[in-house]
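K.L.:
This structure is in structure tokens; I'll ask about it shortly.
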Amino acid sequence: MLIHLRELYGKQDKAHISDKLDISDIVSNHLSMNSAGLVQTEADAIFEAGRVRVNAHVHVDLELICSRCLVVFEDPLVFSYTELFSNETPKEDEEPADKDDTVNYVTEDKISLVPYTKEHILLELPMFPLCSDHCKGLCPTCGVNLNDEACNCTKELTDPRWSGLKGFLSK
């Protein structure tokens, strides 16, 4: 997924890039991911105001591990991101036109979108993935999946820090 900046400078039309990306390195380092398919990325790059704006749309099918019940479930991850690029060195006193836009200053004519796509995938992954909003999780005593069956454990709702005062009122 390469963008050639010089080919876009001064042109009014946009360049379309479509590619598939393997993220097995992210899967192996992320504890809540079981597997992931190939990432389908569609990107449009256009020259505007002395910079190249890249609008990308990303789709990947993930197998995540539920953080409550440890069941593996499928979840598609679909999102879009925008990046600005320029190979002109910034002036020290130059203020950005829009404070929300961060320009990536590069030294080469070619830009690979792979690291930017991987970074945005990591930012879009859920911190604590859930198989459903109503997941009951595992029983902390016997470990049974409470979504599938009820357990027969006795549930004492007392705080063990107060156990010294338990017999105080009975005297």
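What follows draws every value from the coordinates through simple rules; no lab data is involved. Remember, predicted model here, so these are calculated numbers, not experimental data. Note that each Cβ is placed from the backbone with ideal geometry, even for glycine, and that neighbours are counted across all protein chains shown.
K.L.:
Among the residues of the range 144-171 satisfying the criterion of being β-branched (Val, Ile, Thr) and exposed (fewer than 10 other Cβ atoms within 10 Å of the Cβ), which is nearest to residue 63 (Cα to Cα)?
P.N.:
154
K.L.:
I need every pair where a residue in the range 46-64 that is at positive phi has its Cβ under 8 Å from the Cβ of a residue that is assigned to a strand (DSSP E or B) and not basic (Lys, Arg), sequence separation at least 6 or different chains.
P.N.:
Final answer for the pair search is 50/86.
K.L.:
Let me ask something else about it. Just give me the residues in the range 108-143 being farther than 24 Å from residue 62 by Cα, touching a strand residue (DSSP E or B) at 6+ places or on another chain (Cβ under 8 Å) and loosely packed, with under 15 Cβ neighbours inside 10 Å, in sequence order.
P.N.:
Passing the criteria: 109, 110.
K.L.:
Looking only at residues that are within 14 Å of residue 125 (Cβ to Cβ), of a type outside the set (Asp, Glu) and part of a strand (DSSP E or B) in the range 60-72, which one is farthest from the chain's Cα centre (by Cα)?
P.N.:
65
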